Amino acid sequence: MSDLILAADLGGTNLRMAAVDSVGHPHNITKRPVPKGVSPAGLIDLVEEMSSLCCDGLHGEVRALGFTAPSPIQLDFDGVLTKLPNLGSVTGMNFKRDLEDLFKLPVFMENDATAAAIGENWIGASRDVQNSVCVTLGTGIGGGIIINGEPLRGPDGIGGEIGHITVEPNGRPCKCGSIGCIEEYASATAITRMAVEFGMNVANAGEVYEAWQTGDEKAESVFASMGRYLGITLAGLANALNPEMLVICGGVTAGWDAFSHHVTAEIEKRAYPAAAKRAVVARCGLGDNAGIIGAARSAFLRGSI
Ligand SMILES: [Zn+2]
């Protein structure tokens, strides 16, 4: 009987779950919206309901749970969710302890973007490399760093928070409390905002990309600007960490051909030539499943399964 991890990616909008086997294949991928204002008990009920769907028809034994949360999570994380900007209604709940009580299994947690980096490094774009940086471009910007094959979590779980590196010293205020963070210049939210500032009539980053595909010059300016800011950030990381690979993940990668060449041009311009040559810029290999696959890998390793 094969070993399985019940893995989940908890976001502000959706909860994604699957039963992941020891080669990283996610079975019965299930996605549900997280109700606005959900109570801690409601969230646990949702996990329980989805877990039975994920395990349905599988011949294997669930040995542990692997969960991500959009929150700083250090290795000795006690399970209390404190900093969840989009899930304020469950602030203070001990998610890890509640899940352990329900399932009678060990629960291992990771920051969502760190989990994506672990997943990509296991069987995705950065497999077989020892040093990689994964940046997730969505509503916000998340980051995960793998050094010598190990995720960098830091003593406070903040390791890899690439989204809050400053790119404009006098720039836009960011919800983290700083100003001019890359999140304000290269996330999906930022792409939409810049497009509107350029006078485009768009509601989301996907529409900016659609305009780019028709040759719209304003859309080209938006992606050139966004790609340049992202390249500045990644050039700094290429110099600081000398990784073999820089993986770009998240919904914004749907517009890859609009911005990726601006990113690589900026890295070539700014990073040490050897660091720029070494750091291959790659598009994510696992798409939306990177988080659950990485959460499972983390649970397999930390649980010695
Ligand atoms: Zn910030």
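All of the numbers you see were taken from the coordinates with simple rules; none came from a lab. All values reported here derive from a predicted model rather than from experimental measurement. Cβ placement follows ideal geometry from the backbone for every residue including glycine, while neighbour counts extend to all protein chains displayed.
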Exercise for the section: Would you mind calculating the relative contact order of the chain from Cα pairs under 8 angstrom and at least 6 residues apart, reporting the percent as a whole number? Expected result: 21
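By how many nm would the segment from Asn28 to Asn14 grow when fully extended, if each residue of separation counts as 0.36 nm and the alpha-carbon distance is taken off?
Once the chain is fully extended between Asn28 and Asn14, it gains 3.4 nm.
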Fill in the blank from the handout: Length gained if Ile179 through Gln74 is fully extended, taking 0.36 nm per residue and subtracting the Cα-Cα distance, is 35.3 nm
Exercise for the section: Would you list, by chain and number, the lysines whose Cα falls below 26 Å from the Cα of Lys36, excluding same-chain residues fewer than 8 positions away? Expected result: Lys83, Lys96, Lys175
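Among Cys249, Cys174, Cys54, Cys134, which comes first, second and so on when ranked by fewest other beta-carbon atoms within 10 Å? Provide the component values of the computation, followed by the final result.
Working: Cys249 30, Cys174 18, Cys54 24, Cys134 35.
Exposure proxy ranking, most exposed first: Cys174, Cys54, Cys249, Cys134.
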Problem - Percent breakdown of C-alpha pair distances by 10 Å bin, ordered from the shortest bin, for the range 125-284 - result: 12, 41, 35, 11, 1
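With both bridge residues required to lie in the chain, what share of the DSSP beta bridges run antiparallel, to the nearest 5%?
On the way: 24 of 46 bridges.
For the chain, the DSSP antiparallel bridge percentage is about 50.
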Problem - 10 °C / 1.306 mPa s Stokes-Einstein diffusion coefficient of the range 232-305, Kirkwood radius on C-alpha pairs, µm²/s - result: 116
Completion exercise
Label model pair Arg193, Asn170: point-to-point distance (7 angstrom along the Cα→beta-carbon line) in nm is 1.8
Completion exercise
With R₀ set to 35 angstrom, the calculated FRET efficiency between the beta-carbons of Ser304 and Lys83, to the nearest 0.05, is 0.75
Practice task
Working from Cα positions, state the angle (0 to 90°, nearest 10) between the long axis of helix 188-197 and the longest principal axis of the chain.
Solution key: 30
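Among 110-119, 286-295, 258-267, what's the highest-first ranking by average C-beta atoms within 10 angstrom per residue? Write down the numbers at each step before the final one.
Details: 110-119: 30.0, 286-295: 26.5, 258-267: 20.6.
Put in order of decreasing packing, that is 110-119, 286-295, 258-267.
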Practice task
List every residue whose amide H lies under 5 Å from the amide H of Val107, counting only residues 5 or more places away in sequence or on a different chain, with H placed 1.01 Å from N in the peptide plane.
Solution key: Leu65
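Normalised by the empirical 2.2 N^0.38 Å for globular proteins, what value does the Cα Rg of the chain take?
On the way: Rg = 19.2 Å, N = 305, 2.2 N^0.38 = 19.3 Å.
The value comes to 0.99.
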Fill in the blank from the handout: In degrees rounded to 10, the 0-90 angle between helix 217-241 Cα long axis and the longest Cα principal axis of the chain is 70
Fill in the blank from the handout: Each label sits 7 Å from Cα toward the beta-carbon; between Arg283 and Ser221 the label points are separated, in nm, by 2.7
